[in-house]
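These notes concern the structure reproduced below.
Every number in this text was worked out from the coordinates using simple rules, so none of it is lab data. On a predicted model such as this, the values are computed, not experimentally measured, just so you know. Every residue, glycine as well, gets a Cβ built from its backbone with ideal geometry; the counts of neighbours run over all protein chains shown.
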C-alpha cells in the first residue's frame, strides 16, 4: 500500500478524523467466569494476597519487580496502602471466583488518554494463579476493558529484557515485540534494558475472539487441561 503524502510530497500517517481522547479507567470491577478484577483495597485484599504470594517456594518472582520481596505481612500491607492510594496508576486485585480470595495483582499504568495509550504492568501472580485459566482470563478482562470499554488505540507491555518468563507471557497473549530500549531504567541497583511489546486496536478483534474461544468450557477436558493452546486458537482464526 503506497504511503500517504502531504502537499509537499512528504510521507505522513493515516488520518484519524474521528479520534477523541479516551477516558481513563474507572476502577470498576471487571467480572469473568473464573475470576474478577477489583480495584485494590488493602483492607479486603492485602492479607489474602500476602498469603498467596508467600506460597511460592522462594523469592525469584520478585527479581524483576520494582518492589519486594516483603519480609512480613505488615510490610506488604504498607506497600498495598501506598499502591492503592496512587493516582498515576490503578492497581487491581485478581480474585478467584471459586475461593473468593485475592491471588494476584496487576495494574494499568502510564496512562495517556489523549493518545489512547495505556500500559499493563506490575503483574504479580501467585502460584495459586500461574498457568491457570484464571491468569489468562484476568489479562483478557483488562484488555477488553481497555479496548472495548475505554476505546484505547494502543495497549503496552514492557519488561526487563532479561525477564524471559515475562517476554514469553507477552507473546503468548498476542503482544508484538517492538524493540529494546537500552539502559532505560535503574532499579534495585541494576541497569535495565526494557523490551517493548504492544497490541493495537486493529489487532484486538481477532485476539478477542481467540481469548473467548480458548476460555470456553469446550476447550478444556474434564481434568481442566486445555485442548488447544491460545497460540493454536489464535492461528486457527487467522488462517
Under the rule of -39500 (n - 2.57) per DSSP H run of 4 or more residues, summed and divided by the residues of the chain, what mean residue ellipticity at 222 nm is obtained, to the nearest 500 deg cm²/dmol?
-8500 deg cm²/dmol
Value in Å of the Kirkwood radius, where the stretch 48-94 supplies the Cα pairs that are averaged:
11.6 Å
Highest GNM mean-square fluctuation among 74, 151, 174, for the chain with Cα springs under 10 Å, belongs to 74
With springs only between Cα atoms under 10 Å apart, run a GNM on the chain and tell me which of 20, 86, 190 wobbles the most.
190
From fewest to most C-beta neighbours within 10 Å, the residues 19, 204, 214 line up as 19, 204, 214
Can you put 35, 159 in order of Cβ neighbours within 10 angstrom, beginning with the fewest?
159, 35
Nearest 0.05, what FRET efficiency do residue 226 and residue 3 give at R0 = 41 Å with Cβ-Cβ as r?
0.45
Mean separation of Cα contacts under 8 Å (at least 6 apart) over the residue count of the stretch 1-81, i.e. the relative contact order in percent, is 20 percent
Over the chain, relative contact order from alpha-carbon pairs under 8 Å, at least 6 apart, %:
16 percent
Checking 185, 12, 94 against a Gaussian network model of the chain (alpha-carbon springs below 10 Å), the top fluctuating residue turns out to be 12
Least to most buried among 187, 92, by other C-beta atoms within 10 Å and fewest first, runs 187, 92
Expected unfolding gain across residue 164-residue 29 under the 0.36 nm per residue rule, minus the alpha-carbon gap, is 45.6 nm
Classify the stretch 1-53 as rounded, prolate or oblate, taking a ≥ b ≥ c as the square roots of the eigenvalues of its Cα gyration tensor: rounded when a/c is under 1.5, otherwise prolate if a/b is larger than b/c and oblate if not.
prolate
Show me, bin by bin at 10 Å from 0, the whole-percent P(r) of the chain based on Cα pairs.
7, 28, 36, 21, 6, 2, 0
Peptides 126-137, 105-116, 216-227 ordered by average Cβ neighbours within 10 Å, highest first
126-137, 105-116, 216-227
Using the eigenvalues of the Cα gyration tensor, what equivalent ellipsoid semi-axes result for the stretch 177-217 when each is taken as the square root of five times the eigenvalue, whole Å, largest first?
33, 14, 6
